[in-house]
Amino acid sequence: NMPLSILLAGGPGFGKTDLAILTARDGKAAAYQLLSPKGGIVGETERKVRLQWTALNELGGIAFADEITEALPLERGGFDGDSGASRAVTATLLTELSNEAARGRRLLIATTNCPWRMGAAMRSRFTVIPVLRPLERDFPAVVVSTARRVDPEVQLDENHSLVQEAASVFFAKGANPRQIRGQLGNVQLLHGSLTPERVLLA
């Protein structure tokens, strides 16, 4: 039942990358970052893209492509000023994302905040999972878990009144987890260990 490829689609800073990394960690699977195979020498792109997928198919595990719509050519009939290298990458992706023999051995997890930049043929090969902004009631837990990433020694209770107030402020301002992490990191740098008072200061 395992999908061949998953596309996490959602706004910037919604935690898509974190979800992909946590999936690999919790699944105890080897994880690889799938980068653009584009090269400057004729034939290098085609060689590198074949090598990427051969390695992934042999080794198994999870391939991660962050912001896939920016990193890889995902639509046919686009830019063709590179002697067909982009078309070779697209063709290999279309083939490998339909490779039923790899199901259960390897998984591609990709992220994007622009799913409409993918061609229909490419998009149909992904199980698309929308990653939405957390609800206001979830924000205290988001603040506490983010604080633990900034300061692993922190002791915070999401039910503490100051943490609840900080979460309400973050939510009202439309802060995403990346922005919350930045603010908590700044306060820790300036004031030391994170306390409920310092979380509210952030």
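A few points about this structure:
- Thr17 assigned to a helix (DSSP H, G or I) and in contact with a helix residue (DSSP H, G or I) (Cβ under 6 Å, 6 or more places away or on another chain): no
- Residues within region 65-107 that are assigned to a loop (DSSP other than H, G, I, E, B) and at pLDDT 80 or above, tallied: 8
- In region 15-46, residue surrounded by the most Cβ atoms within 10 Å (Cβ to Cβ) [restricted to those that are over 12 Å from the mean Cα position of the chain (by Cα), among the charged types (D, E, K, R) and modelled with pLDDT of 85 or more]: Arg25
- Under the condition of being crowded, with 16+ Cβ neighbours inside 10 Å, touching a residue at least 60 places away in the same chain (Cβ under 8 Å) and of a type outside the set (A, V, I, L, M, F, W, C), the residues counted in region 87-98 number 0.
- Residues that are open to solvent by less than 50 Å² (accessible area, probe 1.4 Å) and under 17 Å from Ser145 (Cα atoms) within region 1-14 comprise just one, Gly13.
- Where helices (runs of 4 or more DSSP H) fall entirely within region 124-199, those with at least 1 residues that are touching a Gly at 6+ places or on another chain (Cβ under 8 Å) and open to solvent by 20 Å² or more (accessible area, probe 1.4 Å) are at 139-150, 177-191.
- Residues satisfying the stated conditions in region 108-123, i.e. surrounded by 12 or more Cβ atoms within 10 Å (Cβ to Cβ), in contact with a strand residue (DSSP E or B) (Cβ under 9 Å, 6 or more places away or on another chain) and in a loop (DSSP other than H, G, I, E, B): Asn113, Met118
The values are calculated or read from the model by the stated rules, or taken from the named source; none is laboratory data. Just so we're clear, the structure is a prediction, and the values are computed from it rather than from any experiment. Every residue, glycine among them, receives a Cβ derived from its backbone with ideal geometry; neighbour counts consider all protein chains shown. For accessibility, only protein heavy atoms count, side chains too; no ligands or nucleic acids. Shrake-Rupley method; radii C 1.70, N 1.55, O 1.52, S 1.80 Å.
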